[in-house]
Each structure stands twice: as structure tokens, then as C-alpha cells.
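Visitor: Following this message is one structure expressed as C-alpha cells.
The values are calculated or read from the model by the stated rules, or taken from the named source; none is laboratory data. Given the structure is predicted, the values throughout are model-derived calculations rather than measurements. Note: ideal-geometry Cβ built from the backbone for every residue, glycine included; neighbour counts use all protein chains shown. Side chains included, ligands, DNA and RNA excluded: accessible areas come from the protein's heavy atoms. Shrake-Rupley method; radii C 1.70, N 1.55, O 1.52, S 1.80 Å.
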Amino acid sequence: MDQAALLEKTFTEYYEAVFDTDRERALTVTREAVANGLAPEDVVFKIVMPAIDKMVKSISENFDTNLAQHFMASQIASAVADEMIAKFRTQPQATGRVVIGTSPGDFHGLGKSIVSGCLRSLMIDVVDLGCNVPPERFVDEAVACEAQVIGISSMMLHTARGENGCLGVRKILRQRSLEDRIKVIVGGAPYRFDPELYRTVEADAWANDGLSAGEAVVRLIGTVKT
């Protein structure tokens, strides 16, 4: 089987496994592909990442999948990417580092977990602080681990707009003169309903889903002054 046919076959089988939330099958498919001559780099960049993109589109356009499937897809992608990256001919450097968590008073962690999985599959280091994270901890952890970006997830409008959410993080960054070193991205249901809300809460960017979060985070990392 030539490389193009192997790549197409592997993508189809991998996506079917991801769609069925079958982690072990997804790992088996990619392992067999590498054994048959597919480069681990191609598994990550031509299978894992496009599969996430396809899953995201299926949610937003066709509603053929749900958030639980998206969550599992991101976790599977992260597991496969970790295994394949260990086999790269040249070990890649992480694109950057993100500290992520939900805003104070918000205990909805599914969206955050989806984004974390997607970011890891893009070779971005993620420090997950969990739920109900106060602004001081966001900033302290970002400084301690030298993260370039803070990601704040909110599923409710009042936690997104609250003084202890993104606004609180922005206030601390400003007080400590860290705005050039650390950028802030937000996401969650309130921002989908009002795409300009991120400006109101003084974030640098917002993302609608895991894949767009990865793209936005990469852009933000590139703007950080080192």
C-alpha cells in the first residue's frame, strides 16, 4: 500500500474509532499505521489534528456529535499525540505553555477539559488548575511555570462578567506589569452568545471550540515579549 492510501485508510479508521469514543481502537489503528511505514509525524499532523477539526465541524454544522464525544476525541487525540511524539525523529519543542481553569464560582469543567486535550495534541504544554480558580492563582501559577497564556473558561454569564473572573486577572496583570508577558484567552457559552463579550471582560482573545482555541493560543504566544 502506498503512503497516500495508507494515510487515507488510517484517517478513516482513526476517525471512526474517535467517533465511537474507542480509545484503544484509535491507539491500535495508529500503531499499526506506524508499523506499516507511516511516520509518527504524519500521524499527529495529518491524522490526529485534522480529525479534531472534522469533529468540531460536525458539532457546529451537522450536530452529528455531542460534547461528550468531543471531550473523548480530545482526550484520545492527546493520548495518541503523546505516544507518537515520543517516536518523532527529532523531538519537537513545545510551542508554549498555558495555564487553564474555570472562573470563580464556575464548576463546569467539560469545556475546559476539551480545550486542554486539543491544546496538548498541538504540543502546547497545559497546566490545568481545575474549576473555581481565583484570579490570584491564575496569575501566580502562570508566573511560576512561565506560561505565556492564561485560559479562563466560563459557562455562565455572571461568572464570565464577574469582577473575580477575567476582569480580576486583568487587574492583577496590570498591577504587576505583566501584560506584555502573559496574555488572556476566554471561552465558554456566554462568549458564543456574545462574541464581543471578551472585550468587555478585557481578554486578549476568545475561542469557540478546542481547535480554534489552539490556533488563538499559538497566535497569542507569538505576541508575548520575552
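Visitor: Out of (1) more than 14 Å from the chain's Cα centre (by Cα); (2) surrounded by fewer than 17 Cβ atoms within 10 Å (Cβ to Cβ); (3) under 24 Å from T95 (Cβ atoms); (4) of a type outside the set (V, I, T), what's the single condition that is false for D194?
Guide: (3)
Visitor: Could you check, for region 171-184, whether at least one of its residues is among the β-branched types (V, I, T) and open to solvent by less than 10 Å² (accessible area, probe 1.4 Å)? Walk me through how you get there before you give the answer.
Guide: Quick first cut of region 171-184, residues among the β-branched types (V, I, T) only: 172, 182, 184.
Now narrow it down to the ones that are open to solvent by less than 10 Å² (accessible area, probe 1.4 Å): 182, 184.
Looking through region 171-184, at least one residue is among the β-branched types (V, I, T) and open to solvent by less than 10 Å² (accessible area, probe 1.4 Å).
Visitor: Within region 165-192, how many residues turn out to be assigned to a loop (DSSP other than H, G, I, E, B) and within 23 Å of S116 (Cβ to Cβ)? Lay out the reasoning, then the answer.
Guide: Residues of region 165-192 assigned to a loop (DSSP other than H, G, I, E, B): 165, 176-182, 188.
Applying the additional criterion that residues be within 23 Å of S116 (Cβ to Cβ) yields 165, 178, 181-182, 188.
Summing the residues that are assigned to a loop (DSSP other than H, G, I, E, B) and within 23 Å of S116 (Cβ to Cβ) in region 165-192 gives 5.
Visitor: What residue, among those in region 18-44 that are open to solvent by less than 50 Å² (accessible area, probe 1.4 Å) and either small (G, A, S) or touching a His at 6+ places or on another chain (Cβ under 6 Å) (or both), is farthest from K87 (Cα to Cα)?
Guide: My answer is A26.
Visitor: Here are S103, S121, S74, S116: which of them is open to solvent by less than 60 Å² (accessible area, probe 1.4 Å), modelled with pLDDT of 90 or more and of a type in the set (G, A, S)?
Guide: Numbers: S121 fails: modelled with pLDDT of 90 or more; S74 fails: modelled with pLDDT of 90 or more; S116 fails: modelled with pLDDT of 90 or more.
Just one listed residue meets the conditions, S103.
Visitor: I'm told H108 meets every condition in (1) open to solvent by 50 Å² or more (accessible area, probe 1.4 Å); (2) touching a strand residue (DSSP E or B) at 6+ places or on another chain (Cβ under 7 Å); (3) outside any helix (DSSP H, G or I); (4) under 26 Å from R174 (Cα atoms) except one. Can you identify the failing condition by its number?
Guide: (4)
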